[in-house]
1. Of the residues 93, 85, only one is within 18 Å of residue 22 (Cα to Cα) and in contact with a helix residue (DSSP H, G or I) (Cβ under 8 Å, 6 or more places away or on another chain); which?
2. Whether any residue in the stretch 118-130 is buried (at least 22 other Cβ atoms within 10 Å of the Cβ) and outside any helix (DSSP H, G or I) is what I want to check.
3. Step by step: first the residues of the stretch 90-105, then only those that are touching a residue at least 40 places away in the same chain (Cβ under 8 Å) and in a helix (DSSP H, G or I), then the one that is farthest from residue 142 (Cα to Cα). Which residue is that?
4. Considering (1) without any contact (Cβ under 8 Å) to a residue 24 or more places away in the chain; (2) in a strand (DSSP E or B), say which one residue 87 fails and leave the rest.
5. Being surrounded by 12 or more Cβ atoms within 10 Å (Cβ to Cβ), assigned to a helix (DSSP H, G or I), touching a strand residue (DSSP E or B) at 6+ places or on another chain (Cβ under 9 Å) and modelled with pLDDT of 65 or more is the requirement here; does residue 279 meet it?
6. Determine which member of the set 2, 20, 26 is farther than 19 Å from residue 59 by Cα and either modelled with pLDDT under 95 or assigned to a loop (DSSP other than H, G, I, E, B) (or both).
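The values are calculated or read from the model by the stated rules, or taken from the named source; none is laboratory data. Model, not experiment: these values are computed from the prediction. Counting neighbours? That spans all protein chains shown, and the Cβs are built from the backbone with ideal geometry, glycine included.
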């Protein structure tokens, strides 16, 4: 399904968790001089205008990244990673933009690194090409490939990369129930042939999809343990509302009410071959963010 457009949701609480984890992983890879390859299976447009009608309509950025930016002085000393992430985002926020995962990777990665992006939506992929190949913000990494194809297929076809080192971010919209099984099948296949690749999976926290979510996570972790019992697996969750607190209402009613939490009460990041200290550092950061966003 191609109806999903991330412009409605850019800069929300799910993006914050996703991009903080990505920021940590790529910063960890940068500690060694050897090049790496970063894969992004559902790239979107890579850069989002926060004054766009779609962003304004949902107001999700106001409840997400805007709160972090406005509180940056208050939380600046809580953790260096969080401070560095906010400093990066602030460069874009100052111009009313929010960077998606492809843009964050482009500005963090170095000249010797490679970025491989995939997007299926026809308009989004054109925007992605524009933002990556003719960017508004300068970045050291110039080795960017943009594919107009199914992200799961791209990842299975192009891994393992020649660089050996690397990471992948998988974050489908989960509009289709099949996305849960497709994620599990893809990660299982990729992990078996690229055993040292850092695999990051973003997933929604939806009370009515709890069974599908748990099955997906269990299948991925069981497969990873069968490949290597010592695989470092990290499961992070950021919750901005109680699981059972959602009540159905119109978008207009929701926008006028601060009391009714959205159906998406939070999100998670499952990371295979997680870098050292990812779990400890991110859990400290998540506790700070949850207090600001709830």
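1. Only one candidate passes the filter, namely 85.
2. Yes.
3. For the stretch 90-105, the residue satisfying everything is 93.
4. (2)
5. Considered against the rule, which asks whether it is surrounded by 12 or more Cβ atoms within 10 Å (Cβ to Cβ), assigned to a helix (DSSP H, G or I), touching a strand residue (DSSP E or B) at 6+ places or on another chain (Cβ under 9 Å) and modelled with pLDDT of 65 or more, residue 279 comes out as yes.
6. 2
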